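The values are calculated or read from the model by the stated rules, or taken from the named source; none is laboratory data. Only a predicted model underlies this, so the values are computations on that prediction, with no experimental measurement involved. Neighbour counts are summed over all protein chains in view; Cβ atoms, including those assigned to glycine, are modelled from backbone coordinates with ideal geometry.
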Amino acid sequence: MPRLQNALWIGAGFLLLFLTQASVADVPSAEKILTSYDLQGGQAALEKYLDQNPSDDQQRFGLGVVQFVGAVETMSQSFYACGVRDYQGQIPFLRIVATENPNPKATSYQDVRNILQKFVDDLAVAEQTLAKVDDKRVKLPLPLFQIRLDLNGDGTTTEIETLGAVAMHLRMIENVPGNPEAQRPYETVVAFDYADCLWLRGYCHLLSGMAETWLAYDMQELHDRVGYVIFQKIDSPNAYLADAKKTFPISDVDIVDLVAFIHLINFPVKDAEKLKDAHAHFLQVIALSRRTWDAIEAEDDNDREWIPGPKQTSPVTRGRTSPEMLKTWREFLDELEAILQGEKLARHPRITDGRGVNVKKMFFEPQPFDAVMWWQGSGATPFLEKGPLSDDAFWNRVNRAFNGQFMSFAVWYN
């Protein structure tokens, strides 16, 4: 009898061990999903797992990252199909994949709007997932530069479709594979933590705000007349001008086309509500940046940081955050929020009568946007007011605190 009981106990132990291992094996891995390229299947597996394990914030964080990467991939595939021209990543949103499409579709203005609206919708899904992560102990180690995407929609991934290759193409990060200045290997792992979850939420709002601002205006005429500057083929009566003789060429562009392009940056308001939405997104960027840095300052480790605090380092950049930089960043957030809320007025470089631009009015009482008239000054007239101005001395101090590289740090810090 004792032998039978012992055998039963041993058998039960093996069964428990088997079930435990099977359970662990059934947990989807965001790292595997992102590096082996299985975004759709991986996202579905994570969603199914979280339906059964709703308290697992570690996997919820992974799902949010997968959804964010999927949003970028979908947008890239769509613009690749539209035949975006290669200007070395200098066109916001449009240029991610590093090669041009040899067989592009003729792109209409509505095609472009549909792509950006889909991007906004997909970012909202990712942000909502990330917003449900409450566990401050989450940590998601990822070999950042090995994340694979299908940027051109051909169903496969290549070496130019890794995040490292994309970062190099867009010149986003200084220490990436292929950069002769790089200090870290291709296998670099970043341990994304709760602060980075907040950071990624902020980036969802930033990109959404930029896209919503674009969608708020009617750019139909610009697309129909000079859209071929951006797209290889356009659905327009003027498409033939893509093959017109260049009279004043600069590289692959004719100065005549550039002049026409600037002249046509005169956009009527198409959807004023989208500007209000964009304003709300930008305020969320500021709020989440504050929370991100609160979380970073509360950390007591130095574990492969994405954004390092004053006592931390990052495996992906030589950039360091000094206490003075962090203090100045928080002051910048306060100043930016005051400008967005109309509590401080933005200076116009040509207006010297003491008035400034009420930026909040630009979002809530929008007018047609004419780039040349804004540069000249009269485009700003509906938004000019007397009041406290954002001080040039403040912005000079901000730039000095970041050693003249404030904009680069701002893109990183978000």
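Mind telling me which of the residues Val166, Val190, Val138, Val120 ends up being closer than 30 Å to Lys274 by Cβ, of a type in the set (Val, Ile, Thr) and modelled with pLDDT of 90 or more? If you could, list the steps in order and put the result at the bottom.
Details: Val166 fails: modelled with pLDDT of 90 or more; Val190 fails: closer than 30 Å to Lys274 by Cβ; Val138 fails: closer than 30 Å to Lys274 by Cβ.
Step by step, each of Val166, Val190, Val138, Val120 is checked, and only Val120 is closer than 30 Å to Lys274 by Cβ, of a type in the set (Val, Ile, Thr) and modelled with pLDDT of 90 or more.
Using the structure shown, decide if Asp303 is of a type in the set (Asp, Glu) and assigned to a loop (DSSP other than H, G, I, E, B).
When the stated conditions are applied, Asp303 passes them.
Considering only segment 202-237, how many residues are part of a helix (DSSP H, G or I) and over 29 Å from Ala295 (Cα atoms)?
Adding up the residues that qualify gives 14.
Any chance you could count how many residues in segment 116-135 are over 15 Å from the mean Cα position of the chain (by Cα) and of a type in the set (Val, Ile, Thr)?
So the count comes out to 2.
Examine segment 285-297 for a residue that is free of Cβ contacts under 8 Å to residues at least 60 places away in the same chain and over 22 Å from Met407 (Cβ atoms), and state whether such a residue exists.
Checked segment 285-297: at least one residue is free of Cβ contacts under 8 Å to residues at least 60 places away in the same chain and over 22 Å from Met407 (Cβ atoms).
Scan (1) surrounded by 14 or more Cβ atoms within 10 Å (Cβ to Cβ); (2) out of contact with any Gly (no Cβ under 6 Å at 6 or more places or on another chain) for the single condition Ala393 breaks and write down its number.
Unmet condition: (1).
Scanning segment 238-256 for residues that are of a type in the set (A, V, I, L, M) and assigned to a helix (DSSP H, G or I), which turns out nearest to Ala106 (Cα to Cα)? So that I can check it myself, show each step before the final result.
Going residue by residue through segment 238-256, those that are of a type in the set (A, V, I, L, M) are 239, 241-242, 244, 250, 253, 255-256.
If we keep only those that are assigned to a helix (DSSP H, G or I) as well, we get 239, 241-242, 255-256.
Details: Ala239: 9, Leu241: 14, Ala242: 12, Ile255: 24, Val256: 22 Å.
The qualifying residue nearest to Ala106 (Cα to Cα) is Ala239.
State yes or no: is Glu337 more than 29 Å from Ala278 (Cα to Cα), assigned to a helix (DSSP H, G or I) and in contact with a helix residue (DSSP H, G or I) (Cβ under 7 Å, 6 or more places away or on another chain)? Let's see the steps before the verdict.
On the way: more than 29 Å from Ala278 (Cα to Cα): no; assigned to a helix (DSSP H, G or I): yes; in contact with a helix residue (DSSP H, G or I) (Cβ under 7 Å, 6 or more places away or on another chain): yes.
The answer is no for Glu337.
Does Lys274 satisfy the criteria of being under 30 Å from Arg85 (Cα atoms), in contact (Cβ under 8 Å) with a residue 24 or more places away in the chain and either surrounded by fewer than 16 Cβ atoms within 10 Å (Cβ to Cβ) or under 20 Å from the mean Cα position of the chain (by Cα) (or both)? Even if it seems obvious, please write down each step before you answer.
Details: under 30 Å from Arg85 (Cα atoms): yes; in contact (Cβ under 8 Å) with a residue 24 or more places away in the chain: yes; either surrounded by fewer than 16 Cβ atoms within 10 Å (Cβ to Cβ) or under 20 Å from the mean Cα position of the chain (by Cα) (or both): yes.
In short, yes.
May I ask you to say which residue of Thr317, Thr313 is among the hydroxyl-bearing types (Ser, Thr, Tyr), over 21 Å from the mean Cα position of the chain (by Cα) and under 22 Å from Pro141 (Cβ atoms)? Steps first, answer last, please.
Details: Thr317 fails: over 21 Å from the mean Cα position of the chain (by Cα).
The conditions single out Thr313.
Are there any pairs with C-beta distances below 7 angstrom linking a residue in segment 257-271 that is over 12 Å from Arg225 (Cβ atoms) to a residue that is of a type in the set (D, E, K, R) and assigned to a helix (DSSP H, G or I), with the two at least 6 apart or on different chains, and if so which?
The qualifying pairs do not exist here.
Here's the yes/no breakdown for (1) in contact with a strand residue (DSSP E or B) (Cβ under 8 Å, 6 or more places away or on another chain); (2) outside any helix (DSSP H, G or I); (3) under 30 Å from Leu142 (Cβ atoms); (4) modelled with pLDDT of 50 or more:
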{"residue": "Trp9", "(1), (2), (3), (4)": "no, no, no, no"}
{"residue": "Ala25", "(1), (2), (3), (4)": "no, no, yes, no"}
{"residue": "Leu34", "(1), (2), (3), (4)": "yes, no, yes, yes"}
{"residue": "Leu46", "(1), (2), (3), (4)": "no, no, yes, yes"}
{"residue": "Phe61", "(1), (2), (3), (4)": "yes, no, yes, yes"}
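Filter segment 318-332 down to residues that are surrounded by 19 or more Cβ atoms within 10 Å (Cβ to Cβ) and part of a loop (DSSP other than H, G, I, E, B) and give me whichever is modelled with the highest pLDDT.
Among those residues, the one meeting the criterion is Thr321.
Could you tell me whether segment 261-273 includes any residue that is in a helix (DSSP H, G or I) and under 20 Å from Leu207 (Cβ atoms)?
Checked against the condition, which is being in a helix (DSSP H, G or I) and under 20 Å from Leu207 (Cβ atoms), segment 261-273 yields at least one hit.
State whether one or more residues within segment 221-244 are buried (at least 21 other Cβ atoms within 10 Å of the Cβ) and among the small types (Gly, Ala, Ser).
The answer is yes, given that some residue of segment 221-244 is buried (at least 21 other Cβ atoms within 10 Å of the Cβ) and among the small types (Gly, Ala, Ser).
Identify the single condition in (1) part of a loop (DSSP other than H, G, I, E, B); (2) of a type in the set (Gly, Ala, Ser); (3) closer than 25 Å to Trp395 by Cα that Ser314 does not satisfy, given that it satisfies every other one.
Checking Ser314 against (1) part of a loop (DSSP other than H, G, I, E, B); (2) of a type in the set (Gly, Ala, Ser); (3) closer than 25 Å to Trp395 by Cα, the one that fails is (3).
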